[in-house]
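Quick notes on the structure that follows.
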Amino acid sequence: MRRQKSEELKKERNDRIKQFLKDMIAPTIFVVIVVIVLYKMATYQRPAEENDIPATYAYDGNTDPIVLENSFLKLDMNPETTQFTVLHKETGRVWNSNPDISIETSALNEEKNRLQSLLYIQASEQTGKILDYDSFSKSINNQIYKIERKSDTEVVIHFSIGNVEKTYMIPPVAREEEFLGYVQALTDLGDSAAAKEVKNRYKKWDKDKLSKADKENFDAIAERYPLVKEEIIYTLRDGLNPVTMNKLLAAFESIGYDQAKYEEDLALDTQEKTSDKPVFNLDLCLKLDGDQLVVSVPFNSIQNPKKYPITNLTLLPFFGAGSKAEEGFMLVPEGGGGIINFNNQKTTLQAYSSRVYGWDLCLIRDSIVHDPITNFGVFGISKGDASFICIPGDGSSYATIQADISGKTNSFNYVNAVYDLYQREQFDVGSISSSDIFKYIDQLPQDEKIEQRYIFVDSGSYVEMAKEYEKYLKNTYGEKYFEMKKDTEAPVNVEVIGAVDKTEQILGIPVSRPLELTSFNEAGEIADELKSNGFNNVNIRYTGWCNGGVNQTVLSKAKPIGKLGGKSDLKDLSSKLSGLGYRLALNGITTLALDSNIFDGFFSYTDAAKNISEERMELHKYSSVTYALREGSETFYLLHTKLIMEYADNLREAADNFGAGVAFEDIGKDIPSDFYEDDYHSRENVRKLHMDLLKKYNDEGKYTVIEAGNEYAIPYVDMIVDMDLSGSNYTIIDYNIPFLELAIHGYVDYTGESLNICGDQGEELLYSAAYGAGLSFTVMKESAFALQDTLYTHFYGCDYDKWKHNMIDIYTRYNKELGHIFNQKMTDHKYLAPGVSVTTYADGTKVYVNFNYAGYNEGGVSIPARDYKVVR
């Protein structure tokens, strides 16, 4: 018994020991991990920062002109400056890459350097400070560039740009016999002063005759100049100032010291040349492509220190610039087009600047004061009887077009494109730092490039410039996508508002519910009435028909709103409209997640696009009063690119099921990047995805409507609505023109904003008449009173019953007088007087428009104030 009890006690003790040891395992592991981490932290040494400053190019000293030539153009380049001229053989006109600096009298030195540059860049420090570099002072003057001729029609300039020390072509080290030969040669030339200067600026090293100080430094000298172990050498003294260096340079040039000998002597100096000053490398490619000059910068040629990302790049900033003595104008892509006359004396006004395709929605901004947008990027210059247009191609989505007149920073009139490269986000970390922090994208897409195409025109007329743009569009996108329309009546877009969301109280709880404004059956009744009043060429764009209404949830599926009617009612509407000869386009939002949650098929952590900081891209509404973020407003999300493309197809499929076309509120207008780490999409990549999608729909015969109408979308769609005809009121612009419309009229239907809610019905109607646009209206069957206590007061003017008579009157006259022009080209446009224009069509029809508040009576033409007149 006693033995048994002893064994039980022993077993109990062992079990306790085992349990204790088991309990100590986790704490012990934790302590070990902590000790290891602390040891690593204590012994961690920050790795030495790698010097990622790229090696610089070097000018080879060749002064022979570089000539490129084909049957149409001849380019002559001065290799000492890289500036060039282009001869357009058909006209004999010579266009200069840079203006004549000798006539510049008022510009500061920095601006003069820019005037002589083929490009300039801006780079950023980590603090966000912007650094400016131009190719003339930071590359040409430093002779850190290389010209490579690729063929008879192509040359590449390899630029190194930065604050580098000038390379002086004098021997850094020389053998004794050679050095004494240099001194003797200078003496023989009778330049004893130069011979003395050379002798004084070099130090003799003889390993057998060293002073005490030289003995202490000899090991370092021998490591740098191994030749000193074998023979006597002379080395250039350190710390010589530029004046002395230039004297030495002149001396050695006078005795024929050349590049080949310099490189041979340089090899005797083994010291690695390093600098902490930023240097940037990039290639500027110039190519004659038929009758066009193509200028490009491949992204894979751009090298920059990681600490100094290049934020933007401007190519040929002053190509064709006009002087104060010249007459001409600059073409800018504002609205349908804008003209800025040379030397228009508007020197106190802001320069022109507009972002091609608008703001990138995946970039954060705190406020919107002015949001200039252009839907095409063409710009140009006209002088006398010749002109050119420049068209950004690859990389156009990164471009901002800018223009300014003489009398401000310099004496020239110029227009160019500046391109965003390394995008960034700014963070306010005032609690831990006095300066802001910036985060940049890691790398530029290596398969992309910036490209500009210059097309030279045998005319100074903006009409002929537009016709060259028309040819470009056909050649670029394909002739088959530019077939003349067969319209015999004016195209009309009627946007029907189906439903909006309105908050209702359900058992005391606020709940958002769809508010019916126009049911499917009511939309059919509106169509019947329009048809009976002579509306024939009509597109019905149905907005707010699915997924909650105008503030639509994501299109993971497209579900018609039950309050508007059943699926069969929507199919019946589609059939009815088809029977009337109308087209139905179901509107949808594919880019944004509005009022969406997981029950709608949206989970923000996986479905939202990511910004540069890898945060979900949350978007805000902005105040029209303060321009800042609107406090208290609901936020929404930008969708991941793959979902945008998927939802576009979902909308397309749903429209197909109802026998309808599709209307995109965003594709063809917005181009958002997506910085999702595992699925990155650059803005340019997204542009091409959208273009390919629209092209696919066109090839499949799908009826497609878009808003605004970015250039790359125009060839592939059936109608463009809400096109910006007039643009922003830039006062530096002297007058607006239908440049884009001259190129595309007759190939695609387009309208301006809806006349009944645009803010200025009369102005929009006049621009529509002048620019050959169709008409657009927005309607709803419900009374405007139903919109009280909603966020949709901008639809107050959409009450169909109250507006229909005005709508019918406007259309009836417009169609009667202008209905025949929509199947033909616009052939001419000009101003008879300020505010009075005339547009001419292929059959000779002339449309006179008077924008003024007084009647016009000249040359037998009489046009009432604020009206249009058609003469056939």
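The values are calculated or read from the model by the stated rules, or taken from the named source; none is laboratory data. The structure presented is a predicted model; accordingly, all values stated were derived computationally and were not measured. Cβ coordinates were reconstructed from backbone atoms using ideal geometry, including for glycine residues, and neighbour counts include every protein chain displayed. When the accessible area is computed, the model is the full protein with side chains, heavy atoms only, and any ligands, DNA or RNA have been set aside. Shrake-Rupley method; radii C 1.70, N 1.55, O 1.52, S 1.80 Å.
For this structure, a couple of remarks:
- Among the numbered conditions (1) in a helix (DSSP H, G or I); (2) free of Cβ contacts under 8 Å to residues at least 40 places away in the same chain, the only one that residue 678 does not meet is (1).
- All positions within the stretch 755-778 that are open to solvent by 10 Å² or more (accessible area, probe 1.4 Å) and either under 21 Å from residue 828 (Cα atoms) or of a type outside the set (A, V, I, L, M) (or both): 756, 758, 759, 760, 761, 762, 763, 764, 765, 767
- Test: residue in the stretch 469-481 that is part of a loop (DSSP other than H, G, I, E, B), in contact with a helix residue (DSSP H, G or I) (Cβ under 9 Å, 6 or more places away or on another chain), modelled with pLDDT of 95 or more and open to solvent by less than 60 Å² (accessible area, probe 1.4 Å): yes
- Residue 823 meets each of the listed conditions (1) surrounded by fewer than 18 Cβ atoms within 10 Å (Cβ to Cβ); (2) under 26 Å from residue 733 (Cα atoms) apart from (2).
- Check on residue 731, of a type outside the set (Gly, Ala, Ser), more than 19 Å from residue 401 (Cβ to Cβ) and in contact with a Leu (Cβ under 7 Å, 6 or more places away or on another chain): no
- Considering the stretch 138-214, the qualifying strands (runs of 3 or more DSSP E), each wholly inside and each with 3 or more residues that are within 22 Å of residue 225 (Cα to Cα) and in contact with an Asp or Glu (Cβ under 8 Å, 6 or more places away or on another chain), run over 173-175.
- Residue satisfying all of: in the stretch 193-229; acidic (Asp, Glu) and under 24 Å from residue 252 (Cα atoms); surrounded by the fewest Cβ atoms within 10 Å (Cβ to Cβ) among these: 206
- Flag for residue 498 being of a type outside the set (A, V, I, L, M, F, W, C), free of Cβ contacts under 8 Å to residues at least 60 places away in the same chain and within 25 Å of residue 792 (Cβ to Cβ): no
- Among residues that are in a strand (DSSP E or B), open to solvent by less than 40 Å² (accessible area, probe 1.4 Å) and closer than 30 Å to residue 700 by Cβ, residue 500 is not included.
- Positions within the stretch 633-664 being open to solvent by 10 Å² or more (accessible area, probe 1.4 Å), within 13 Å of residue 593 (Cα to Cα) and within 25 Å of the chain's Cα centre (by Cα), in sequence order: 636, 637, 643
- Qualifying residue in the stretch 328-339 (condition: surrounded by fewer than 23 Cβ atoms within 10 Å (Cβ to Cβ) and touching a Lys or Arg at 6+ places or on another chain (Cβ under 7 Å)): yes
- For the stretch 352-384, a tally of residues being under 21 Å from residue 97 (Cβ atoms), out of contact with any helix residue (DSSP H, G or I) (no Cβ under 8 Å at 6 or more places or on another chain) and not aromatic (Phe, Trp, Tyr) returns 3.
- Hey, residue 567 open to solvent by 40 Å² or more (accessible area, probe 1.4 Å), on the phi < 0 side of the Ramachandran plot and touching a residue at least 60 places away in the same chain (Cβ under 8 Å) or not: yes
- Flag if residue 490 is surrounded by 15 or more Cβ atoms within 10 Å (Cβ to Cβ), within 27 Å of the chain's Cα centre (by Cα) and either in contact (Cβ under 8 Å) with a residue 60 or more places away in the chain or assigned to a loop (DSSP other than H, G, I, E, B) (or both): no
- Odd one out for residue 811 among (1) part of a loop (DSSP other than H, G, I, E, B); (2) under 40 Å from the mean Cα position of the chain (by Cα); (3) modelled with pLDDT of 95 or more: (1)
- Of all residues in the stretch 332-355, those that are on the phi > 0 side of the Ramachandran plot have Cβ atoms under 9 Å from Cβ atoms of residues that are among the basic types (Lys, Arg), 6 or more apart or on another chain, in 343/324.
- Test: residue in the stretch 242-250 that is assigned to a loop (DSSP other than H, G, I, E, B) and surrounded by 13 or more Cβ atoms within 10 Å (Cβ to Cβ): no
- For the stretch 147-174, the tally of residues that are open to solvent by 50 Å² or more (accessible area, probe 1.4 Å), in contact with a strand residue (DSSP E or B) (Cβ under 9 Å, 6 or more places away or on another chain) and modelled with pLDDT under 95 stands at 1.
- Cross-chain or 6+ apart pairs with Cβ under 7 Å, the stretch 636-647 first and hydroxyl-bearing (Ser, Thr, Tyr), then in a loop (DSSP other than H, G, I, E, B) and open to solvent by less than 30 Å² (accessible area, probe 1.4 Å): 637/617; 641/609; 647/554; 647/555; 647/590
- Applying a threshold of 6 Å to beta carbon distances and a minimum spacing of six or more residues, or different chains, the list of pairs starting in the stretch 419-441 at a residue that is open to solvent by 50 Å² or more (accessible area, probe 1.4 Å) and basic (Lys, Arg) and ending at one that is at pLDDT below 95 and not in a loop (DSSP other than H, G, I, E, B) reads 424/438; 424/440; 439/425.
- Any hit, the stretch 451-465, residues being more than 30 Å from residue 780 (Cβ to Cβ), out of contact with any Asp or Glu (no Cβ under 9 Å at 6 or more places or on another chain), open to solvent by less than 50 Å² (accessible area, probe 1.4 Å) and of a type in the set (Val, Ile, Thr): no
- Of all residues in the stretch 832-872, those that are open to solvent by 70 Å² or more (accessible area, probe 1.4 Å), touching a residue at least 12 places away in the same chain (Cβ under 8 Å) and either assigned to a strand (DSSP E or B) or charged (D, E, K, R) (or both) total 5.
- Restricted to strands (runs of 3 or more DSSP E) entirely inside the stretch 296-409, those with at least 2 residues that are of a type in the set (Gly, Ala, Ser) are 352-356, 379-383, 386-392, 399-404.
- Only one entry of 537, 547, 551 meets the criterion of being out of contact with any strand residue (DSSP E or B) (no Cβ under 6 Å at 6 or more places or on another chain), within 22 Å of residue 647 (Cβ to Cβ) and crowded, with 17+ Cβ neighbours inside 10 Å, and that entry is 547.
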